[in-house]
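Report on one structure; see the data block that follows.
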Amino acid sequence: MKKNSNSNYESTLLENFTYATFPQRVLFGAGRLSELRAEIDVLGFTRPLLISTPRQRPLAEMVSVILGAQRVAGIFDRAAMHVPLELVREACALVKRIGADGLITIGGGSTIGLGKAIARELGIPTVAIPTTYSGSEMTAIYGITEAGIKKTGTDPKVLPRTVLYDADLTLELPIDISITSALNAIAHGAEGLYAKNRNPVTNIMAEAGIAALARAIPKFRKNDGNFCSTGEMRVARSDALYGAWLCGGVLGSVTMALHHKLCHTLGGSFNLPHAEVHSVILPHALAYNAEAAPEAMEIIARAIGSESAPAGIYDLASKNGAPTSLRDIGMHESNLSLACELVLSNQYPNPRRLEAEPIHRLLRDAFEGNAPSPTT
Ligand SMILES: NC(=O)c1ccc[n+]([C@@H]2O[C@H](COP(=O)([O-])OP(=O)(O)OC[C@H]3O[C@@H](n4cnc5c(N)ncnc54)[C@H](O)[C@@H]3O)[C@@H](O)[C@H]2O)c1
(Lines give C-alpha, C1' and ligand atoms only; values in the text may rest on other atoms or scores of the structure.)
Protein backbone atom coordinates (compact mmCIF):
# COMPACT_ATOMS: atom_id res chain seq x y z
CA MET A 1 0.00 0.00 0.00
CA LYS A 2 1.25 3.49 -0.88
CA LYS A 3 2.31 5.36 2.20
CA ASN A 4 0.91 8.86 2.59
CA SER A 5 3.67 11.32 3.34
CA ASN A 6 3.53 14.96 4.28
CA SER A 7 7.15 15.17 5.36
CA ASN A 8 7.34 18.75 4.02
CA TYR A 9 5.43 19.79 7.13
CA GLU A 10 7.48 19.78 10.27
CA SER A 11 5.72 19.01 13.51
CA THR A 12 6.33 21.62 16.19
CA LEU A 13 4.38 22.47 19.31
CA LEU A 14 2.06 25.37 18.47
CA GLU A 15 2.16 28.38 20.75
CA ASN A 16 -1.04 29.03 22.72
CA PHE A 17 -3.47 31.30 20.92
CA THR A 18 -7.00 32.67 21.03
CA TYR A 19 -9.12 32.85 17.90
CA ALA A 20 -12.50 34.58 17.71
CA THR A 21 -14.82 34.38 14.71
CA PHE A 22 -17.25 37.09 13.69
CA PRO A 23 -20.98 36.55 13.13
CA GLN A 24 -20.86 37.62 9.52
CA ARG A 25 -21.71 36.12 6.13
CA VAL A 26 -19.46 36.71 3.13
CA LEU A 27 -20.76 36.25 -0.41
CA PHE A 28 -17.85 36.28 -2.82
CA GLY A 29 -17.82 36.16 -6.60
CA ALA A 30 -18.30 38.14 -9.81
CA GLY A 31 -21.99 38.66 -10.56
CA ARG A 32 -23.20 37.88 -7.06
CA LEU A 33 -24.89 41.26 -6.76
CA SER A 34 -27.83 39.47 -8.36
CA GLU A 35 -28.21 37.54 -5.07
CA LEU A 36 -28.56 40.65 -2.93
CA ARG A 37 -32.33 40.53 -2.89
CA ALA A 38 -32.38 37.00 -1.50
CA GLU A 39 -29.74 37.98 1.03
CA ILE A 40 -31.66 40.93 2.43
CA ASP A 41 -34.73 38.69 2.64
CA VAL A 42 -32.71 36.38 4.87
CA LEU A 43 -31.69 39.37 6.98
CA GLY A 44 -35.29 40.61 7.13
CA PHE A 45 -34.67 44.05 5.56
CA THR A 46 -37.96 45.28 4.10
CA ARG A 47 -36.98 48.91 3.42
CA PRO A 48 -33.20 49.40 3.27
CA LEU A 49 -31.51 52.76 2.81
CA LEU A 50 -28.71 52.64 0.22
CA ILE A 51 -25.57 54.65 0.96
CA SER A 52 -22.89 55.83 -1.47
CA THR A 53 -20.64 58.79 -2.24
CA PRO A 54 -21.89 61.26 -4.88
CA ARG A 55 -19.55 59.62 -7.45
CA GLN A 56 -20.80 56.12 -6.73
CA ARG A 57 -24.49 57.10 -6.95
CA PRO A 58 -24.88 55.24 -10.28
CA LEU A 59 -23.83 52.05 -8.49
CA ALA A 60 -26.38 52.71 -5.75
CA GLU A 61 -29.04 53.28 -8.42
CA MET A 62 -28.10 49.99 -10.06
CA VAL A 63 -28.54 48.24 -6.73
CA SER A 64 -31.90 49.96 -6.32
CA VAL A 65 -33.01 48.60 -9.72
CA ILE A 66 -31.86 45.09 -8.78
CA LEU A 67 -33.81 45.21 -5.51
CA GLY A 68 -36.84 46.87 -7.09
CA ALA A 69 -37.42 50.57 -6.42
CA GLN A 70 -40.50 49.89 -4.27
CA ARG A 71 -38.34 47.73 -2.00
CA VAL A 72 -35.82 50.52 -1.31
CA ALA A 73 -36.47 53.26 1.26
CA GLY A 74 -34.08 55.70 -0.43
CA ILE A 75 -30.52 56.57 -1.43
CA PHE A 76 -28.24 58.75 0.69
CA ASP A 77 -25.40 59.63 -1.69
CA ARG A 78 -23.34 62.04 0.38
CA ALA A 79 -20.84 59.77 2.14
CA ALA A 80 -17.52 61.59 2.51
CA MET A 81 -13.97 60.93 3.72
CA HIS A 82 -13.42 60.61 7.46
CA VAL A 83 -17.15 60.34 8.34
CA PRO A 84 -18.03 63.89 9.49
CA LEU A 85 -20.38 63.89 12.50
CA GLU A 86 -22.84 66.30 10.83
CA LEU A 87 -23.30 63.77 8.03
CA VAL A 88 -23.92 60.94 10.49
CA ARG A 89 -26.60 63.03 12.21
CA GLU A 90 -28.21 63.91 8.90
CA ALA A 91 -28.25 60.32 7.70
CA CYS A 92 -29.63 59.07 11.04
CA ALA A 93 -32.46 61.60 10.82
CA LEU A 94 -33.23 60.36 7.31
CA VAL A 95 -33.25 56.71 8.42
CA LYS A 96 -35.83 57.56 11.10
CA ARG A 97 -37.92 59.79 8.83
CA ILE A 98 -38.28 57.22 6.04
CA GLY A 99 -38.48 54.21 8.35
CA ALA A 100 -35.52 52.33 6.89
CA ASP A 101 -34.87 49.01 8.63
CA GLY A 102 -31.44 48.21 7.18
CA LEU A 103 -28.49 49.85 5.45
CA ILE A 104 -26.71 48.80 2.28
CA THR A 105 -23.38 50.58 1.83
CA ILE A 106 -21.87 50.50 -1.65
CA GLY A 107 -18.37 51.93 -2.03
CA GLY A 108 -15.01 52.27 -0.34
CA GLY A 109 -13.99 52.70 3.28
CA SER A 110 -15.56 56.17 3.50
CA THR A 111 -19.01 54.87 2.56
CA ILE A 112 -18.74 51.76 4.71
CA GLY A 113 -17.54 54.02 7.54
CA LEU A 114 -20.68 56.16 7.34
CA GLY A 115 -22.80 53.01 7.47
CA LYS A 116 -20.93 51.88 10.56
CA ALA A 117 -21.45 55.22 12.31
CA ILE A 118 -25.21 55.08 11.61
CA ALA A 119 -25.36 51.45 12.74
CA ARG A 120 -23.65 52.40 15.99
CA GLU A 121 -26.05 55.26 16.63
CA LEU A 122 -29.30 53.47 15.71
CA GLY A 123 -28.42 49.77 16.13
CA ILE A 124 -29.57 49.17 12.54
CA PRO A 125 -28.12 46.16 10.61
CA THR A 126 -25.91 46.69 7.59
CA VAL A 127 -24.88 44.96 4.39
CA ALA A 128 -21.58 46.15 2.88
CA ILE A 129 -20.72 45.97 -0.82
CA PRO A 130 -17.07 47.06 -0.96
CA THR A 131 -15.67 48.55 -4.15
CA THR A 132 -12.14 49.27 -2.87
CA TYR A 133 -9.71 47.12 -0.89
CA SER A 134 -9.83 49.08 2.40
CA GLY A 135 -11.07 46.08 4.41
CA SER A 136 -13.25 48.24 6.67
CA GLU A 137 -16.20 45.89 6.06
CA MET A 138 -14.39 43.14 7.99
CA THR A 139 -13.86 45.09 11.20
CA ALA A 140 -15.92 46.30 14.14
CA ILE A 141 -13.85 49.50 14.18
CA TYR A 142 -15.62 52.79 13.48
CA GLY A 143 -14.37 56.36 13.13
CA ILE A 144 -16.24 59.68 13.32
CA THR A 145 -14.76 63.15 12.78
CA GLU A 146 -15.95 65.98 15.00
CA ALA A 147 -14.47 69.48 14.75
CA GLY A 148 -11.56 68.13 12.69
CA ILE A 149 -10.67 65.35 15.15
CA LYS A 150 -11.30 61.75 14.17
CA LYS A 151 -12.27 59.52 17.07
CA THR A 152 -12.21 55.78 16.59
CA GLY A 153 -13.57 52.94 18.65
CA THR A 154 -14.77 49.36 18.47
CA ASP A 155 -18.38 48.23 18.69
CA PRO A 156 -19.72 44.85 17.49
CA LYS A 157 -22.93 46.63 16.36
CA VAL A 158 -21.08 48.25 13.44
CA LEU A 159 -19.86 45.02 11.86
CA PRO A 160 -21.80 44.46 8.61
CA ARG A 161 -24.03 41.35 8.86
CA THR A 162 -23.25 40.41 5.28
CA VAL A 163 -20.43 41.46 2.98
CA LEU A 164 -20.98 40.98 -0.73
CA TYR A 165 -17.76 41.04 -2.77
CA ASP A 166 -18.56 41.31 -6.47
CA ALA A 167 -15.45 41.98 -8.55
CA ASP A 168 -17.56 43.24 -11.46
CA LEU A 169 -18.39 46.33 -9.37
CA THR A 170 -14.70 47.20 -9.08
CA LEU A 171 -13.88 47.23 -12.79
CA GLU A 172 -14.27 51.01 -12.90
CA LEU A 173 -12.06 51.70 -9.89
CA PRO A 174 -9.32 53.96 -11.30
CA ILE A 175 -5.94 52.23 -11.67
CA ASP A 176 -4.02 54.57 -9.34
CA ILE A 177 -6.62 54.16 -6.58
CA SER A 178 -6.69 50.40 -7.17
CA ILE A 179 -2.94 50.11 -6.65
CA THR A 180 -2.70 52.28 -3.52
CA SER A 181 -5.81 50.64 -2.08
CA ALA A 182 -4.31 47.19 -2.69
CA LEU A 183 -1.09 48.28 -0.92
CA ASN A 184 -3.28 49.55 1.94
CA ALA A 185 -4.77 46.05 2.15
CA ILE A 186 -1.32 44.42 2.06
CA ALA A 187 -0.38 46.57 5.07
CA HIS A 188 -3.18 44.97 7.12
CA GLY A 189 -1.90 41.49 6.40
CA ALA A 190 1.76 42.46 6.86
CA GLU A 191 1.27 44.04 10.29
CA GLY A 192 -0.99 41.18 11.30
CA LEU A 193 1.95 38.82 10.83
CA TYR A 194 3.86 40.40 13.70
CA ALA A 195 0.88 41.32 15.88
CA LYS A 196 1.19 40.17 19.47
CA ASN A 197 -2.22 38.49 19.31
CA ARG A 198 -1.75 36.84 15.89
CA ASN A 199 -2.63 33.18 15.54
CA PRO A 200 -2.12 30.43 12.95
CA VAL A 201 -5.42 31.26 11.22
CA THR A 202 -4.72 34.98 10.82
CA ASN A 203 -1.21 34.10 9.60
CA ILE A 204 -2.66 31.89 6.86
CA MET A 205 -5.15 34.61 5.93
CA ALA A 206 -2.40 37.24 5.81
CA GLU A 207 -0.07 35.22 3.62
CA ALA A 208 -2.78 34.20 1.14
CA GLY A 209 -4.20 37.73 1.11
CA ILE A 210 -0.85 39.44 0.51
CA ALA A 211 -0.02 36.95 -2.26
CA ALA A 212 -3.35 37.56 -4.03
CA LEU A 213 -2.97 41.35 -3.83
CA ALA A 214 0.66 41.22 -5.00
CA ARG A 215 -0.43 39.12 -8.01
CA ALA A 216 -3.12 41.65 -8.89
CA ILE A 217 -1.15 44.92 -8.65
CA PRO A 218 1.14 44.49 -11.70
CA LYS A 219 -1.83 43.38 -13.81
CA PHE A 220 -3.75 46.58 -12.97
CA ARG A 221 -0.94 48.68 -14.38
CA LYS A 222 -0.32 46.48 -17.38
CA ASN A 223 -3.92 46.63 -18.48
CA ASP A 224 -4.38 50.35 -18.01
CA GLY A 225 -6.53 51.69 -20.82
CA ASN A 226 -8.48 48.64 -21.91
CA PHE A 227 -9.00 46.82 -18.66
CA CYS A 228 -12.72 46.16 -18.73
CA SER A 229 -12.57 43.85 -21.69
CA THR A 230 -9.74 41.55 -20.66
CA GLY A 231 -10.25 38.32 -18.83
CA GLU A 232 -6.91 38.93 -17.14
CA MET A 233 -8.23 42.09 -15.53
CA ARG A 234 -11.29 40.28 -14.17
CA VAL A 235 -8.96 37.74 -12.61
CA ALA A 236 -6.84 40.56 -11.14
CA ARG A 237 -9.94 42.29 -9.71
CA SER A 238 -11.11 39.05 -8.19
CA ASP A 239 -7.65 38.36 -6.72
CA ALA A 240 -7.47 41.85 -5.22
CA LEU A 241 -10.92 41.64 -3.67
CA TYR A 242 -10.12 38.20 -2.26
CA GLY A 243 -6.88 39.56 -0.80
CA ALA A 244 -8.72 42.59 0.60
CA TRP A 245 -11.20 40.28 2.33
CA LEU A 246 -8.49 38.11 3.88
CA CYS A 247 -6.29 41.03 4.95
CA GLY A 248 -9.36 42.93 6.19
CA GLY A 249 -10.18 39.88 8.31
CA VAL A 250 -6.69 40.08 9.79
CA LEU A 251 -7.17 43.80 10.50
CA GLY A 252 -10.43 43.01 12.29
CA SER A 253 -8.91 40.23 14.39
CA VAL A 254 -5.50 41.36 15.63
CA THR A 255 -3.75 44.52 16.80
CA MET A 256 -1.95 46.67 14.27
CA ALA A 257 1.44 48.20 15.03
CA LEU A 258 3.96 50.90 14.00
CA HIS A 259 2.86 51.15 10.38
CA HIS A 260 -0.75 51.93 11.28
CA LYS A 261 0.32 54.28 14.05
CA LEU A 262 2.44 56.23 11.54
CA CYS A 263 -0.31 56.27 8.91
CA HIS A 264 -3.00 57.47 11.33
CA THR A 265 -0.71 60.19 12.64
CA LEU A 266 0.31 61.37 9.19
CA GLY A 267 -3.19 61.10 7.73
CA GLY A 268 -4.98 62.61 10.73
CA SER A 269 -2.59 65.40 11.70
CA PHE A 270 -1.37 66.49 8.28
CA ASN A 271 -4.40 65.60 6.19
CA LEU A 272 -2.57 63.23 3.84
CA PRO A 273 -4.60 60.81 1.68
CA HIS A 274 -5.30 57.46 3.41
CA ALA A 275 -4.26 54.76 0.92
CA GLU A 276 -1.32 56.78 -0.47
CA VAL A 277 0.20 57.19 3.01
CA HIS A 278 0.01 53.40 3.46
CA SER A 279 1.76 52.90 0.15
CA VAL A 280 4.63 55.25 1.11
CA ILE A 281 5.12 54.11 4.71
CA LEU A 282 4.80 50.32 4.51
CA PRO A 283 8.31 49.49 3.19
CA HIS A 284 9.88 51.72 5.86
CA ALA A 285 7.78 50.37 8.73
CA LEU A 286 8.71 46.84 7.65
CA ALA A 287 12.41 47.78 7.51
CA TYR A 288 12.11 49.21 11.03
CA ASN A 289 10.68 45.94 12.32
CA ALA A 290 12.64 43.54 10.11
CA GLU A 291 15.15 42.32 12.70
CA ALA A 292 12.57 42.08 15.46
CA ALA A 293 10.08 40.08 13.35
CA PRO A 294 12.08 37.77 11.05
CA GLU A 295 9.34 35.16 10.61
CA ALA A 296 6.81 37.76 9.48
CA MET A 297 9.36 39.14 7.01
CA GLU A 298 9.97 35.68 5.61
CA ILE A 299 6.24 35.12 5.05
CA ILE A 300 5.73 38.54 3.43
CA ALA A 301 8.76 38.04 1.16
CA ARG A 302 7.47 34.60 0.15
CA ALA A 303 3.99 35.98 -0.56
CA ILE A 304 5.26 38.74 -2.82
CA GLY A 305 7.99 36.61 -4.43
CA SER A 306 10.92 38.70 -3.25
CA GLU A 307 14.14 38.15 -1.32
CA SER A 308 13.26 40.91 1.12
CA ALA A 309 9.90 42.09 2.49
CA PRO A 310 10.70 45.84 2.78
CA ALA A 311 12.57 46.06 -0.55
CA GLY A 312 9.98 43.88 -2.29
CA ILE A 313 7.07 46.06 -1.13
CA TYR A 314 8.98 49.20 -2.12
CA ASP A 315 9.54 47.74 -5.61
CA LEU A 316 5.90 46.67 -5.89
CA ALA A 317 4.84 50.26 -5.19
CA SER A 318 7.46 52.10 -7.24
CA LYS A 319 7.37 49.81 -10.30
CA ASN A 320 3.58 50.15 -10.48
CA GLY A 321 3.45 53.91 -10.12
CA ALA A 322 2.25 54.16 -6.52
CA PRO A 323 3.60 57.07 -4.49
CA THR A 324 6.80 56.34 -2.56
CA SER A 325 7.45 59.79 -1.12
CA LEU A 326 5.61 61.76 1.56
CA ARG A 327 6.69 64.95 -0.19
CA ASP A 328 4.83 63.90 -3.32
CA ILE A 329 1.57 63.38 -1.44
CA GLY A 330 1.56 66.76 0.30
CA MET A 331 3.70 66.46 3.45
CA HIS A 332 5.71 69.56 4.41
CA GLU A 333 9.31 68.95 5.43
CA SER A 334 8.88 71.31 8.40
CA ASN A 335 6.33 68.85 9.90
CA LEU A 336 8.65 65.83 10.06
CA SER A 337 9.82 66.56 13.63
CA LEU A 338 6.26 67.12 14.85
CA ALA A 339 5.18 63.85 13.19
CA CYS A 340 7.99 62.04 14.99
CA GLU A 341 6.98 63.60 18.33
CA LEU A 342 3.33 62.61 17.83
CA VAL A 343 4.25 59.02 16.99
CA LEU A 344 6.41 58.79 20.09
CA SER A 345 3.91 60.51 22.38
CA ASN A 346 2.78 57.10 23.60
CA GLN A 347 4.35 53.68 23.04
CA TYR A 348 2.36 51.34 20.83
CA PRO A 349 2.35 47.55 20.54
CA ASN A 350 5.19 46.87 18.12
CA PRO A 351 7.86 44.18 17.82
CA ARG A 352 10.59 46.83 18.19
CA ARG A 353 10.55 49.71 20.68
CA LEU A 354 9.70 53.07 19.15
CA GLU A 355 12.77 55.31 19.43
CA ALA A 356 13.24 58.89 18.33
CA GLU A 357 16.32 58.70 16.15
CA PRO A 358 15.38 55.69 13.99
CA ILE A 359 11.76 56.86 13.68
CA HIS A 360 13.01 60.23 12.54
CA ARG A 361 15.28 58.50 10.01
CA LEU A 362 12.35 56.38 8.83
CA LEU A 363 10.22 59.50 8.29
CA ARG A 364 13.07 61.26 6.50
CA ASP A 365 13.53 58.28 4.13
CA ALA A 366 9.78 58.15 3.52
CA PHE A 367 9.70 61.90 2.90
CA GLU A 368 12.49 61.71 0.33
CA GLY A 369 11.11 58.57 -1.33
CA ASN A 370 14.30 56.62 -0.58
CA ALA A 371 14.35 52.85 -0.69
CA PRO A 372 13.87 51.41 2.82
CA SER A 373 17.11 51.39 4.73
CA PRO A 374 18.20 48.04 6.16
CA THR A 375 19.73 49.96 9.09
CA THR A 376 16.67 52.04 10.05
N1 LIG B 1 -12.83 51.16 10.28
C2 LIG B 1 -11.99 50.39 9.64
O3 LIG B 1 -11.77 49.23 10.00
C4 LIG B 1 -11.29 50.93 8.45
C5 LIG B 1 -10.41 50.11 7.72
C6 LIG B 1 -9.81 50.63 6.58
C7 LIG B 1 -10.10 51.93 6.17
N8 LIG B 1 -10.96 52.68 6.91
C9 LIG B 1 -11.28 54.06 6.52
O10 LIG B 1 -11.71 54.03 5.16
C11 LIG B 1 -11.31 55.23 4.51
C12 LIG B 1 -10.50 54.90 3.28
O13 LIG B 1 -11.19 53.99 2.46
P14 LIG B 1 -10.87 53.94 0.91
O15 LIG B 1 -9.40 53.94 0.71
O16 LIG B 1 -11.68 52.86 0.34
O17 LIG B 1 -11.33 55.38 0.41
P18 LIG B 1 -12.73 55.92 -0.19
O19 LIG B 1 -13.89 55.19 0.29
O20 LIG B 1 -12.69 57.40 0.10
O21 LIG B 1 -12.58 55.65 -1.74
C22 LIG B 1 -11.43 56.08 -2.45
C23 LIG B 1 -11.85 56.62 -3.81
O24 LIG B 1 -12.31 55.56 -4.62
C25 LIG B 1 -13.47 55.96 -5.32
N26 LIG B 1 -14.23 54.73 -5.61
C27 LIG B 1 -14.65 53.82 -4.73
N28 LIG B 1 -15.26 52.80 -5.38
C29 LIG B 1 -15.22 53.08 -6.70
C30 LIG B 1 -15.66 52.40 -7.87
N31 LIG B 1 -16.26 51.22 -7.83
N32 LIG B 1 -15.43 52.99 -9.07
C33 LIG B 1 -14.79 54.18 -9.14
N34 LIG B 1 -14.34 54.86 -8.06
C35 LIG B 1 -14.55 54.33 -6.86
C36 LIG B 1 -14.16 56.89 -4.34
O37 LIG B 1 -15.06 57.76 -5.00
C38 LIG B 1 -12.97 57.65 -3.78
O39 LIG B 1 -12.62 58.72 -4.63
C40 LIG B 1 -10.48 56.03 5.53
O41 LIG B 1 -11.28 57.02 6.09
C42 LIG B 1 -10.09 54.99 6.55
O43 LIG B 1 -9.87 55.54 7.82
C44 LIG B 1 -11.57 52.21 8.03
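If contacts are Cα pairs under 8 angstrom and at least 6 residues apart, what is the relative contact order of the chain in percent? Provide the component values of the computation, followed by the final result.
On the way: 708 pairs, mean separation 53.0, N = 376.
Worked out over the chain, it gives 14 percent.
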### Summary
Surrounding charge for Phe367, neighbours by C-beta under 10 angstrom, Lys/Arg +1, Asp/Glu -1, total -2
### Task
Measure up Lys157/Lys261; Lys196/Lys319; Lys96/Lys116 against 21 Å on the Cα-Cα distance and list the ones that go over.
Lys157/Lys261; Lys196/Lys319
### Query
Using alpha carbons only, how many degrees (0 to 90, rounded to 10) separate the axis of helix 200-222 from the longest principal axis of the chain?
80 degrees
### Message
What distance in nm separates the two pseudo spin-label positions at Glu10 and Arg97, each 7 Å out from Cα along the beta-carbon direction?
### Response
6.5 nm
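For the chain, give the magnitude of the charge dipole about the Cα centre (Cβ charges: +1 Lys/Arg, -1 Asp/Glu; no others), in debye to the nearest 20. Write out the running numbers ahead of the final one.
Details: 35 positive and 36 negative charges, 170 e Å.
So the dipole magnitude of the chain works out to roughly 820 debye.
What does the convex hull of the alpha-carbon atoms of the chain project to on average, in nm²?
Details: hull surface 83.4 nm².
Spelled out: convex hull of the Cα atoms, projected over all directions, averaged, 20.8 nm².
Residue separation times 0.36 nm, minus the C-alpha to C-alpha distance between Ile175 and Arg302: what's the value?
Full extension from Ile175 to Arg302 adds 43.2 nm.
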### Using θ = phi - 60° and Karplus 6.51 cos²θ - 1.76 cosθ + 1.60, couplings along region 104-120 (whole Hz; Gly, Pro as x)
10, 9, 10, x, x, x, 5, 5, 4, x, 5, x, 5, 5, 5, 4, 5
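What is the antiparallel percent of DSSP beta bridges lying wholly in the chain, to the nearest 5?
Working: 6 of 25 bridges.
Within the chain, antiparallel bridges account for around 25 percent of the total.
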### Query
Considering only protein heavy atoms, what is the solvent-accessible area of Phe17 at a probe of 1.4 Å, reported in Å² to the nearest 10?
100 Å²
### Message
Loop-only GluC sites (Glu not before Pro) in region 146-212, please: DSSP not H, G, I, E or B, and at most 14 other Cβ atoms within 10 Å.
### Response
Glu172
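Could you work out [θ]222 nm for the chain from helices alone, using -39500 (n - 2.57) per DSSP H run of at least four and dividing by all its residues? Round to the nearest 500 deg cm²/dmol. Don't jump to the answer; show the numbers that get you there.
Values: 13 runs with 184 residues, N = 376.
Value at 222 nm, helices only, nearest 500: -16000 deg cm²/dmol.
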### Message
Suppose we keep just the DSSP beta bridges with both residues in region 23-168; what percent of those would be antiparallel, to 5?
### Response
25 percent
#### Entry: Quarter of the Cα convex hull surface for region 173-366, i.e. its orientation-mean projected area (nm²)
10.0 nm²
### Between 0 and 90°, nearest 10: helix 309-319 axis offset from the chain longest Cα axis
60 degrees
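From largest accessible area down, sort Val26, Val42; use a 1.4 Å probe on the protein chains.
Details: Val26 45, Val42 105 Å².
From most accessible down to least: Val42, Val26.
When only C-alpha pairs under 8 Å and at least 6 residues apart count, what is the relative contact order of region 23-168, in percent? Could you put the intermediate results ahead of the total?
Values: 302 pairs, mean separation 42.9, N = 146.
For region 23-168, the relative contact order is 29 percent.
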### Message
With an 8 Å Cα cut-off and a minimum separation of 6 or more residues, compute the relative contact order for region 230-370 in percent.
### Response
27 percent
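If the chain between Asn370 and Arg327 were fully stretched, how many nm would it gain, using 0.36 nm times the residue separation less the Cα-Cα distance? If you can, show how the numbers build up before the last one.
Values: separation 43, 0.36 × 43 = 15.48 nm, distance 1.13 nm.
Gain on stretching Asn370 to Arg327: 14.4 nm.
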#### Entry: Charge dipole magnitude, Cβ of K and R +1, D and E -1 - region 133-261, Cα centre, debye nearest 20
320 debye
### Query
Points 7 angstrom from Cα along the Cβ direction at Val235 and Ile204: gap in nanometres?
2.5 nm
### Query
Once the principal axes of the Cα atoms of region 23-168 are found, what is the range along each, listed largest first in whole angstroms?
40, 31, 29
### Query
Among Met233, Tyr194, Leu336, which residue has its Cα positioned farthest towards the positive end of the charge dipole of region 173-366, with +1 placed on the Cβ of Lys and Arg, -1 on the Cβ of Asp and Glu, and the dipole taken about the Cα centre?
Met233
### Task
Mind ranking Arg364, Arg55 by accessible surface for me, highest first, 1.4 Å probe?
Arg55, Arg364
### Task
Report Glu355's accessible area, 1.4 Å probe, all protein chains in place, as a number in Å² to the nearest 10.
80 Å²
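At 1.4 Å probe size, put Lys150, Lys196, Lys319 in order of accessible surface, largest to smallest. Could you put the intermediate results ahead of the total?
Values: Lys150 105, Lys196 190, Lys319 155 Å².
So, going from the largest accessible area down, we get Lys196, Lys319, Lys150.
If we count every other residue with Cβ under 15 angstrom of Pro273's Cβ, Lys/Arg +1 and Asp/Glu -1, where does the sum land?
Computed value for this residue: -1.
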### Task
Please calculate the 1.4 Å probe accessible area of Asp155, with all protein chains present, and give it to the nearest 10 Å².
30 Å²
### Task
For the chain, find the longest principal axis of its Cα atoms and tell me its angle to the long axis of helix 258-270, 0 to 90°, nearest 10.
60 degrees
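The values are calculated or read from the model by the stated rules, or taken from the named source; none is laboratory data. None of these values were measured; they are calculated from a predicted model. No Cβ is skipped: glycine too gets one built from the backbone with ideal geometry, and neighbour counts run over all protein chains shown. These area figures cover heavy atoms from the full protein model, side chains too; ligands, DNA and RNA do not enter into them. Shrake-Rupley method; radii C 1.70, N 1.55, O 1.52, S 1.80 Å.
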